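A.B. asks: Before anything else, here's the structure in question.
The values are calculated or read from the model by the stated rules, or taken from the named source; none is laboratory data. Please read all numbers here as calculations on a predicted model, not as lab measurements. Glycine gets a Cβ as well: all are built from the backbone with ideal geometry, and neighbour counts include every protein chain shown. Keep in mind that these areas ignore ligands, DNA and RNA; they rest on the heavy atoms of the full protein, side chains included. Shrake-Rupley method; radii C 1.70, N 1.55, O 1.52, S 1.80 Å.
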Amino acid sequence: MRGAPPSPRLRALDGLRLIAALMVAVYHFGGRDGEISEAWGTSAAVQFPTASQFFAYGCLGVQIFFVISGFVICMSGWGRPLRAFFASRVSRLFPAYWAAIILVTAVFALPWVAYEAVSPSDALVNLTMLQQPLGVDRVLGVCWTLWAELRFYALFALFVVLPGANRQRIVLFCAVWTLTAVIADAADNPLLDIVLMPEYAPFFIGGIGLYLVHRDRRDTTAWGIVGASWLIGQHYAVSRLWHPPDPEFFSYRPSYGIVAVVTLGFLAVGAIALGHLRWANWRWLTVAGALTYPFYLVHEHLGWVAVHALHRTLGLPSYATLTGAIAAMLAVAWLLYRCVETPLTPRIKRALATRRG
């Protein structure tokens, strides 16, 4: 099968990645309780009495990430042999991830850092990215999303890339995954839930459908995939994130707010797919996109340390601390990009893509 011609880089997609990562960051710093309250010295709702209600929606940046991932994986897997697809995914995911694991473990081992580090054995298991199914303590709080990504890559590689990606096969993949994920949810079977991910499948599938729309905006079947995925996806987002108003739980999100954020995520990727954001072709967005992944990996746990240092040690006010912590995590992300990803990613990719023997 002949591969599709290479697509021009969609820099607006890089910008949307960064926006989604910043959404997650403000949620972790100002939209929830937990260890971040220890860093602030009080609840984040006290630090941001009004904004915390909006920061609480930032967790939906993960669902937007999944839509983007569906789009990008379909684009990168089209016309690519399995070996090349595997090499591109491993070389993209692991260098920054390994560096983040080592960095966070080292920082948490410092005697003046108040947060508990995982055991040496658990830290080593974390290097595989399989700690969650093994029931091992996580070094990075956000790595649960990488476990979802890995399962998506495996499904897409097995049922689309291996036999050869084409429109018919991808449409069938989306239809079968949607139906079986719904059945898995109804069956309440843990194994099926692990494999088919009913809660997250609609977002990955919606992204795949939007890539088909990107290839042909007149593809009514692709639009149907997107529409069904949005309908099912907003249901899961509401069912997992909505709860009755509770004064003990400040991250209350009305259902219409959750639906609105999910809808905006689909619309944003859709606007990029249709070319409406082609004008956002600034070169710096490529760098922004490159920083997103390492920023996402390190921001939560190292952010606790940064918030404590800026707010409680240096006495900076809440919003200055929030801005400074995000800036510091972007600086760490830039170092990981320049010193780890830039030299290692192409080497790993070449080593894995080269046929031996």
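A.B. asks: Of the residues in the stretch 220-231, how many are open to solvent by less than 20 Å² (accessible area, probe 1.4 Å) and either over 19 Å from the mean Cα position of the chain (by Cα) or aliphatic (A, V, I, L, M) (or both)? Explain how you work it out, then say what you get.
C.D. replies: Of all residues in the stretch 220-231, those open to solvent by less than 20 Å² (accessible area, probe 1.4 Å) come to 222, 226, 229.
Restricting the remaining residues to those that are either over 19 Å from the mean Cα position of the chain (by Cα) or aliphatic (A, V, I, L, M) (or both) gives 222, 226.
Of the residues in the stretch 220-231, 2 are open to solvent by less than 20 Å² (accessible area, probe 1.4 Å) and either over 19 Å from the mean Cα position of the chain (by Cα) or aliphatic (A, V, I, L, M) (or both).
A.B. asks: Are any of the residues in the stretch 120-130 in a helix (DSSP H, G or I) and open to solvent by less than 10 Å² (accessible area, probe 1.4 Å)?
C.D. replies: Filtering the stretch 120-130 down to residues in a helix (DSSP H, G or I) leaves 120-126.
Right, trim to open to solvent by less than 10 Å² (accessible area, probe 1.4 Å) and you get 126.
There is at least one residue in the stretch 120-130 that is in a helix (DSSP H, G or I) and open to solvent by less than 10 Å² (accessible area, probe 1.4 Å).
A.B. asks: Would you point out the residue of the stretch 215-244, among those that are in contact (Cβ under 8 Å) with a residue 60 or more places away in the chain and among the small types (Gly, Ala, Ser), that is farthest from Gly70 (Cα to Cα)?
C.D. replies: Ala237
A.B. asks: Right, another one. So, in the stretch 266-275, of the ones that are surrounded by 13 or more Cβ atoms within 10 Å (Cβ to Cβ) and out of contact with any Gly (no Cβ under 8 Å at 6 or more places or on another chain), which residue ends up farthest from Asp216 (Cα to Cα)? Walk me through how you get there before you give the answer.
C.D. replies: Looking only at the stretch 266-275, we keep the residues that are surrounded by 13 or more Cβ atoms within 10 Å (Cβ to Cβ), and these are 266, 268-274.
In the following step, the residues that additionally are out of contact with any Gly (no Cβ under 8 Å at 6 or more places or on another chain) were identified as 268, 270-274.
Working: Ala268: 17, Gly270: 12, Ala271: 14, Ile272: 13, Ala273: 10, Leu274: 9 Å.
Ranking the candidates gives Ala268 first.
A.B. asks: Mind telling me which of the residues Tyr256, Tyr293 ends up being open to solvent by less than 50 Å² (accessible area, probe 1.4 Å), closer than 30 Å to Ile205 by Cα and out of contact with any Phe, Trp or Tyr (no Cβ under 6 Å at 6 or more places or on another chain)?
C.D. replies: Details: Tyr256 fails: open to solvent by less than 50 Å² (accessible area, probe 1.4 Å).
Result of the check over Tyr256, Tyr293: Tyr293.
A.B. asks: Filter the stretch 99-117 down to the residues that are touching a Pro at 6+ places or on another chain (Cβ under 9 Å) and more than 14 Å from Leu335 (Cα to Cα) and list them by number.
C.D. replies: Here is the first cut: in the stretch 99-117, the residues touching a Pro at 6+ places or on another chain (Cβ under 9 Å) are 99-100, 105.
Residue satisfying the conditions is Thr105 alone.
A.B. asks: Still on this structure, please answer the following. Which one of the conditions (1) assigned to a helix (DSSP H, G or I); (2) surrounded by fewer than 18 Cβ atoms within 10 Å (Cβ to Cβ) does Ala99 fail to meet, given that it meets all the rest?
C.D. replies: Evaluating Ala99 over (1) assigned to a helix (DSSP H, G or I); (2) surrounded by fewer than 18 Cβ atoms within 10 Å (Cβ to Cβ) leaves (2) as the failure.
A.B. asks: Consider only pairs whose beta carbons are under 9 Å apart and that are at least six residues apart or on different chains; among these, list those whose first residue lies in the stretch 1-25 and is farther than 19 Å from Ile272 by Cα and at pLDDT below 95 and whose second residue is open to solvent by 40 Å² or more (accessible area, probe 1.4 Å) and in a loop (DSSP other than H, G, I, E, B).
C.D. replies: That search, which allows pairs on different chains as well, returns Met1/Asn166; Gly3/Arg80.
A.B. asks: Something else: Looking at the stretch 180-219, which of its residues are open to solvent by 60 Å² or more (accessible area, probe 1.4 Å), under 21 Å from Ile272 (Cα atoms) and part of a helix (DSSP H, G or I)?
C.D. replies: Arg215
A.B. asks: Please pick out the residue among Trp177, Trp147 that is among the aromatic types (Phe, Trp, Tyr), farther than 19 Å from Arg83 by Cα and open to solvent by 20 Å² or more (accessible area, probe 1.4 Å).
C.D. replies: Going through Trp177, Trp147 in turn, just one is among the aromatic types (Phe, Trp, Tyr), farther than 19 Å from Arg83 by Cα and open to solvent by 20 Å² or more (accessible area, probe 1.4 Å): Trp147.
A.B. asks: With the structure loaded, tell me whether Val107 is more than 24 Å from Leu60 (Cα to Cα), assigned to a helix (DSSP H, G or I), among the β-branched types (Val, Ile, Thr) and touching a residue at least 60 places away in the same chain (Cβ under 8 Å) or whether it fails that test.
C.D. replies: Details: more than 24 Å from Leu60 (Cα to Cα): yes; assigned to a helix (DSSP H, G or I): yes; among the β-branched types (Val, Ile, Thr): yes; touching a residue at least 60 places away in the same chain (Cβ under 8 Å): yes.
So Val107 passes the test.
One line per residue, one yes/no per condition, for (1) part of a helix (DSSP H, G or I); (2) among the β-branched types (Val, Ile, Thr); (3) out of contact with any Gly (no Cβ under 7 Å at 6 or more places or on another chain); (4) surrounded by fewer than 24 Cβ atoms within 10 Å (Cβ to Cβ):
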residue: Phe29; (1), (2), (3), (4): yes, no, no, no
residue: Glu38; (1), (2), (3), (4): yes, no, yes, yes
residue: Gln63; (1), (2), (3), (4): yes, no, no, no
residue: Gly79; (1), (2), (3), (4): no, no, no, yes
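A.B. asks: Still on this structure, I have one more. Cβ-Cβ under 8 Å, sequence separation 6+ or interchain: first residue in the stretch 43-56 and over 13 Å from Asp33 (Cβ atoms), partner crowded, with 21+ Cβ neighbours inside 10 Å. Which pairs?
C.D. replies: Ala51/Gly30; Phe54/Gly31
A.B. asks: Taking the stretch 307-357 as the search range and keeping residues that are of a type in the set (Val, Ile, Thr) and touching a His at 6+ places or on another chain (Cβ under 8 Å), which one is least open to solvent (accessible area, probe 1.4 Å)?
C.D. replies: Residues of the stretch 307-357 of a type in the set (Val, Ile, Thr): 307, 313, 321, 323, 326, 332, 340, 342, 345, 348, 354.
Applying the additional criterion that residues be touching a His at 6+ places or on another chain (Cβ under 8 Å) yields 321, 326.
Values: Thr321: 0, Ile326: 27 Å².
Among those residues, the one meeting the criterion is Thr321.
A.B. asks: Between a first residue in the stretch 75-98 that is free of Cβ contacts under 8 Å to residues at least 40 places away in the same chain and a second residue that is basic (Lys, Arg), which pairs have beta carbons less than 9 Å apart while being 6 or more apart in sequence or on different chains?
C.D. replies: From the stretch 75-98, the pairs are Ser76/Arg89.
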